[in-house]
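For reference, the structure is listed below as structure tokens.
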Amino acid sequence: MSDSKKFIEPLRAAPPLKMVETAFLASAASLIYFINYYFPLGPLLQIFFPVPIALLYLRWGRRAAWMGALVSFLLLSVLMGPTRSIVFLVPYGLMGVLLGVTWKRRSPWMVSIGLATLLGVFGVFFRLWLLLVLSGEDVWVLSITQITNLLEWLFLKAGLLTQPSRVLVEASAIASVFLTNIIYLFAVHLAAWFLLDRLGNPIPRPPRWVQVLMDYEE
């Protein structure tokens with residue numbers, strides 16, 4: 001075999017870039033979640049949970065994003081067990097795919113944040129249900145108790161002598177879940193806006209007031 005053929009054969013055997021990036025970004029998503037679980041840094045790393053999968057969608061499309069989410073799920077199953085891997089997949093793995101879809105289609109931030117918020121809220125109640133099934137602990141009751149105490153304190157400060165109704169308490173608890181996810185997704189979009197621009201895969205531009213607030217010029 002000539003020297004040229006010996007050189008060409010390894011290149012043909014090399015895995016395609018799409019496969020390499022899918023494996024790399026799936027591993028990155030798993031590693032970020034793994035590190036945050038054992039060495040929590042507050043919301044800093046949580047902001048990046050769905051970003052690697054979304055980047056896969058932007059670079060290589062739907063199939064690569066789904067494969068990345070699946071690989072991340074399998075890696076976390078090995079590292080942390082099936083329960084933690086499911087908690088990552090729902091909602092963060094699915095959220096990465098959803099954000100990739102909306103960013104690829106250049107949807108406004110209001111649309112992508114709104115859809116991802118619905119998925120995030122579903123993820124919260126899915127985790128509560130999973131915890132109830134596996135351990136018998138109803139965390140939602142604890143949340144309702146905390147919201148009740150907060151509303152009673154607010155009523156007392158406002159001079160209201162009535163007790164907050166159950167409907168008001170549950171509505172406030174659900175509203176707090178929505179608000180938390182909206183803030184989280186807004187932070188995810190800000191991080192992706194700055195990061196993915198520098199990687200050559202920009203997401204849709206934010207509303208004008210965000211650009212003015214962040215003093216960002218196109």
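The values are calculated or read from the model by the stated rules, or taken from the named source; none is laboratory data. Treat the numbers as computed from the prediction; the structure is a model and nothing was measured. Quick reminder, even Gly has a Cβ in these numbers, built from the backbone with ideal geometry, and neighbours come from all protein chains shown.
Quick check on Asp197: is it of a type in the set (D, E, K, R), within 22 Å of Ile113 (Cα to Cα) and surrounded by fewer than 14 Cβ atoms within 10 Å (Cβ to Cβ)? Show your work before the answer.
On the way: of a type in the set (D, E, K, R): yes; within 22 Å of Ile113 (Cα to Cα): yes; surrounded by fewer than 14 Cβ atoms within 10 Å (Cβ to Cβ): yes.
Yes; evaluated as a whole, the condition is true for this residue.
Would region 67-83 turn up any residue that is among the polar types (S, T, N, Q), out of contact with any strand residue (DSSP E or B) (no Cβ under 8 Å at 6 or more places or on another chain), at pLDDT 95 or above and more than 21 Å from Asn201 (Cα to Cα)? Looking for residues that are among the polar types (S, T, N, Q), out of contact with any strand residue (DSSP E or B) (no Cβ under 8 Å at 6 or more places or on another chain), at pLDDT 95 or above and more than 21 Å from Asn201 (Cα to Cα), one finds at least one in region 67-83, hence yes.
Which of the following residues is part of a helix (DSSP H, G or I), among the β-branched types (Val, Ile, Thr) and farther than 30 Å from Thr83 by Cβ: Val124, Val167, Val133, Val177? Going through Val124, Val167, Val133, Val177 in turn, the sole match is Val167.
Does region 89-98 include one or more residues that are assigned to a helix (DSSP H, G or I) and more than 15 Å from the chain's Cα centre (by Cα)? There is no residue in region 89-98 that is assigned to a helix (DSSP H, G or I) and more than 15 Å from the chain's Cα centre (by Cα).
Each residue in region 153-175 was checked for being more than 19 Å from Val121 (Cα to Cα), in contact with a helix residue (DSSP H, G or I) (Cβ under 9 Å, 6 or more places away or on another chain) and either surrounded by 12 or more Cβ atoms within 10 Å (Cβ to Cβ) or not hydroxyl-bearing (Ser, Thr, Tyr) (or both), and 5 pass. Listed by first and then second residue, the pairs with beta-carbon distance under 7 Å, at least 6 apart or on different chains, first residue in region 137-149 and farther than 17 Å from Arg127 by Cβ, second among the aliphatic types (A, V, I, L, M) and assigned to a helix (DSSP H, G or I), are Ile147/Val169; Ile147/Ala173; Thr148/Val169. Candidates Leu76, Leu131, Leu179, Leu118: the one that is buried (at least 17 other Cβ atoms within 10 Å of the Cβ) and within 20 Å of the chain's Cα centre (by Cα) is Leu76.
Only residues that are under 18 Å from Val97 (Cβ atoms), touching a residue at least 40 places away in the same chain (Cβ under 8 Å), assigned to a helix (DSSP H, G or I) and aromatic (Phe, Trp, Tyr) were counted in region 14-61, giving 3.
Taking region 138-152 as the search range and keeping residues that are within 25 Å of the chain's Cα centre (by Cα) and not hydrophobic (A, V, I, L, M, F, W, C), which one is surrounded by the most Cβ atoms within 10 Å (Cβ to Cβ)? For region 138-152, the residue satisfying everything is Ser143.
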